[in-house]
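Peer 1: Once you've had a glance at the structure underneath, I'll fire off some questions.
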Amino acid sequence: MSDADAIPEYKSKPGASDDVGITNLSAFSSGPGIKSMAEVLAIVAVAVVLIGGAEFLLGFFEVPQYVLPKPSEIAMALVGDFHLILPHLGYTLVELLSGFAIGAAVGLVMAAVITQFPFVEKVVTPYILLLVTTPMLALVPLLILRFGFGFTPRIIAVALAAGPMVMINAATGFRRVDRAKIALARSYGASTLQIFWKIRAPMALPMILVGLMIGSIFGLLTAVGAEMVGGGFGLGNRLTSYSSMIQMPQFFAVVLILSILGILIYVLFFFIGKKWASWEA
Amino acid sequence: MDGQNNPKLSVRGATKVYSTRSGDLVAIDRCSLDVKAGEIVSIVGPSGCGKTTLLWSMSGLHPLSSGEVLLDGKPVKGPNPEIGMVFQEATLLPWRNLDSNIRFPFEIKGNRPDEAWIGELLHKVGLEGFGSRFPRELSGGMQQRAALVRALSFKPSVLLMDEPFGALDSFTREEMNRLVEQIWLETQTTIVLITHSIEEAIFLSDRVIVMSARPGRVAKEYKVPFPRPRSFEIMSTKEVFDLTNAIKLEIVGDQKSRFAQQASDTIQPAAE
């Protein structure tokens with residue numbers, strides 16, 4: 001396409017995204033922003049073609065419902081059974097929000113404190129990496145043994161999944177020390193606390209937001225996974241329940257709700273990032 | 001205002017030693033200089049001669065290994081509200097707009113910003129109406145002008161400038177020099193300026209101090225006796241030309257002897 005070949009416009013500062021940890025900030029800055037009505041129409045048209053095509057092909061080849069339900073059947077299940085699914089959505093959200101809040105708060109505080117002490121940071125980092133890379137879902141059976149089938153094991157699992165993600169990204173942010181900016185603040189007699197709140201924290205903010213976004217998506221993943229492992233409620237539990245009863249339209253309705261939830265999380269952080277971290281672009 | 005002969009800013013035997021992995025590094029060695037109230041003094045010298053170290057010590061940003069800095073006769077031990085700093089880069093905070101950047105010093109100090117004075121400064125540097133712009137929306141020259149306004153906003157009696165215009169193109173740089181001259185004519189702020197540009201040093205200063213290569217020492221001092229404002233005509237006279245060359249020779253000569261020394265120190269077999 002000619003658009004992609006066009007010489008990019010000169011930018012005075014090619015965003016400093018070289019010091020970024022788990023992911024980069026392109027989610028906030030260089031996302032393919034929707035610009036015109038034509039683009040919106042094209043996106044809608046693609047959706048219509050995909051959904052309509054699936055509807056037609058599944059009908060034409062007479063694919064049985066238990067293999068893959070038609071989009072119309074999924075939509076009807078979503079509308080018809082929404083009142084049955086809604087409480088489970090609520091439970092999942094409670095687990096996600098409380099687990100994420102705990103994990104993110106602990107992760108943020110730890111990142112802020114640890115980066116102040118390079119030695120401590122060096123010692124702690126391998127263990128944090130271990131926490132990041134270990135799928136916390138693996139611990140859920142153990143947590144259920146210890147805490148039963150209620151909210152507690154799930155909230156703990158979500159916190160354990162989200163916390164290290166938030167921490168490792170926030171730590172990357174807090175580590176971005178700009179000697180000149182700190183010298184500037186110090187030349188006005190700024191205290192350590194002032195330097196933290198007025199220089200270090202705003203500089204870390206874009207990376208903190210990235211951490212929060214990844215952390216919350218990991219949290220959602222872990223919450224649903226934990227619900228599938230055990231316990232009688234939550235969207236994950238609905239997935240196992242509907243699939244065991246071969247209620248595929250309902251099953252896909254739940255999958256759809258989960259996708260929408262994930263997208264909402266992304267959009268939320270996208271706009272927070274646009275508002276508070278767009279200076280990084 | 002007080003005692004005519006007492007220097008505004010006085011550096012006495014300033015020595016700064018950094019301890020590095022490869023041993024101690026003497027950045028500046030027994031530097032002494034006096035700056036009178038209302039004077040503009042430039043410090044030039046080969047790169048790595050400790051100019052910035054000296055300036056940062058004068059501002060109280062980092063402590064000296066030995067020696068002292070006196071402001072109005074009182075030792076400078078830490079950041080001082082009488083001293084304004086302009087750094088190599090504009091160092092605007094990218095998440096704040098221009099207005100908020102300029103009021104940053106007041107926010108740190110917990111004082112009410114002097115709005116009338118800030119307005120006047122913004123008018124002088126031609127940044128009126130740009131208050132809601134963010135740093136990345138401003139040109140390099142505009143950013144450095146904003147940094148100048150920020151440094152002058154709290155009316156410091158001494159302005160320390162660390163290669164403030166080094167990153168600007170030469171036209172913008174001349175424009176900034178004239179701006180500093182104009183502000184000086186109106187405020188008589190004492191200015192110490194570090195620069196790589198001998199032209200800039202001569203244009204702005206009452207005195208130019210040449211530092212020797214590491215360890216940095218005050219090697220020589222040149223008086224710049226031309227009247228202000230220094231017009232293009234004055235700046236193209238033979239006197240200015242000769243002074244420029246003399247300073248250049250002093251710096252280059254010093255470098256030459258250093259290279260000669262290094263070469264004789266490190267004669268190694270050519271074949272590897």
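Peer 1: So which residues in segment B:82-101 are touching a helix residue (DSSP H, G or I) at 6+ places or on another chain (Cβ under 9 Å), under 17 Å from B:Ile191 (Cβ atoms) and open to solvent by 20 Å² or more (accessible area, probe 1.4 Å), if there are any at all?
Peer 2: Answer for segment B:82-101, where residues must be touching a helix residue (DSSP H, G or I) at 6+ places or on another chain (Cβ under 9 Å), under 17 Å from B:Ile191 (Cβ atoms) and open to solvent by 20 Å² or more (accessible area, probe 1.4 Å): just B:Gln88.
Peer 1: OK, next. If I filter segment A:40-58 for residues that are within 30 Å of A:Met203 (Cβ to Cβ), at pLDDT 50 or above and exposed (fewer than 12 other Cβ atoms within 10 Å of the Cβ), do I get at least one hit?
Peer 2: no
Peer 1: Before we move on, is A:Ser259 farther than 19 Å from A:Ala159 by Cα and of a type outside the set (Lys, Arg)?
Peer 2: Against the criterion (farther than 19 Å from A:Ala159 by Cα and of a type outside the set (Lys, Arg)), A:Ser259 qualifies.
Peer 1: Report yes if B:Val192 is surrounded by 18 or more Cβ atoms within 10 Å (Cβ to Cβ) and modelled with pLDDT under 90, otherwise no.
Peer 2: Spelling it out, it is not the case that B:Val192 is surrounded by 18 or more Cβ atoms within 10 Å (Cβ to Cβ) and modelled with pLDDT under 90.
Peer 1: Identify all residues within segment A:230-279 that are open to solvent by 60 Å² or more (accessible area, probe 1.4 Å), under 30 Å from B:Arg133 (Cα atoms) and either among the charged types (D, E, K, R) or not in a helix (DSSP H, G or I) (or both); write none if there are none.
Peer 2: Within segment A:230-279, A:Lys274, A:Lys275 meet the criteria.
Peer 1: Here's a follow-up. Check B:Val11, B:Val26 and return the single one that is more than 27 Å from B:Phe203 (Cα to Cα) and out of contact with any Lys or Arg (no Cβ under 6 Å at 6 or more places or on another chain).
Peer 2: After ruling out the rest, the residue left standing is B:Val26.
Yes/no matrix, rows are residues, columns are (1) within 14 Å of another protein chain (Cβ to nearest Cβ); (2) at pLDDT 90 or above; (3) out of contact with any helix residue (DSSP H, G or I) (no Cβ under 9 Å at 6 or more places or on another chain):
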site: B:Ser19; (1), (2), (3): no, no, yes
site: B:Ser22; (1), (2), (3): no, no, yes
site: B:Arg30; (1), (2), (3): no, no, yes
site: B:Gly48; (1), (2), (3): no, no, yes
site: B:Leu64; (1), (2), (3): no, no, no
site: B:Gly67; (1), (2), (3): no, no, no
site: B:Ala116; (1), (2), (3): no, yes, yes
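Peer 1: Also: For segment A:31-134, give me every one of the helices (runs of 4 or more DSSP H) that falls completely inside it and has 1 or more residues that are closer than 24 Å to A:Ile265 by Cβ and among the charged types (D, E, K, R).
Peer 2: Hits in segment A:31-134: A:37-60, A:82-114.
Peer 1: To continue, here is another question. Kindly indicate which of A:Leu212, A:Leu193, A:Leu184, A:Leu220 is under 18 Å from the mean Cα position of the chain (by Cα) and within 30 Å of B:Arg103 (Cβ to Cβ).
Peer 2: A:Leu212
Peer 1: Here is a check on your reading of the model: is A:Phe233 of a type in the set (A, V, I, L, M, F, W, C) and farther than 30 Å from A:Pro69 by Cβ?
Peer 2: It is false that A:Phe233 is of a type in the set (A, V, I, L, M, F, W, C) and farther than 30 Å from A:Pro69 by Cβ.
Peer 1: Please specify each residue of segment B:69-81 satisfying the condition of being open to solvent by less than 40 Å² (accessible area, probe 1.4 Å), touching a residue at least 40 places away in the same chain (Cβ under 8 Å) and either within 21 Å of A:Ile195 (Cβ to Cβ) or facing chain A (nearest Cβ under 10 Å) (or both).
Peer 2: Scanning segment B:69-81 gives no hits.
Peer 1: In segment B:158-168, is there at least one residue being open to solvent by 20 Å² or more (accessible area, probe 1.4 Å) and farther than 18 Å from B:Trp56 by Cα?
Peer 2: For segment B:158-168, residues open to solvent by 20 Å² or more (accessible area, probe 1.4 Å) and farther than 18 Å from B:Trp56 by Cα: present.
Peer 1: Within segment B:117-125, identify whether any single residue is open to solvent by less than 20 Å² (accessible area, probe 1.4 Å), closer than 19 Å to B:Val44 by Cβ and in contact (Cβ under 8 Å) with a residue 40 or more places away in the chain, and answer yes or no.
Peer 2: There is no residue in segment B:117-125 that is open to solvent by less than 20 Å² (accessible area, probe 1.4 Å), closer than 19 Å to B:Val44 by Cβ and in contact (Cβ under 8 Å) with a residue 40 or more places away in the chain.
Peer 1: Of all the strands (runs of 3 or more DSSP E) wholly in segment B:129-247, which have at least 3 residues that are more than 13 Å from chain A (Cβ to nearest Cβ)?
Peer 2: B:190-194, B:207-211, B:218-223
The values are calculated or read from the model by the stated rules, or taken from the named source; none is laboratory data. Every value quoted in this text rests on a predicted model; they were computed, and no experiment measured them. Every residue, glycine as well, gets a Cβ built from its backbone with ideal geometry; the counts of neighbours run over all protein chains shown. Note: areas computed on protein heavy atoms with side chains; ligands, DNA, RNA excluded. Shrake-Rupley method; radii C 1.70, N 1.55, O 1.52, S 1.80 Å.
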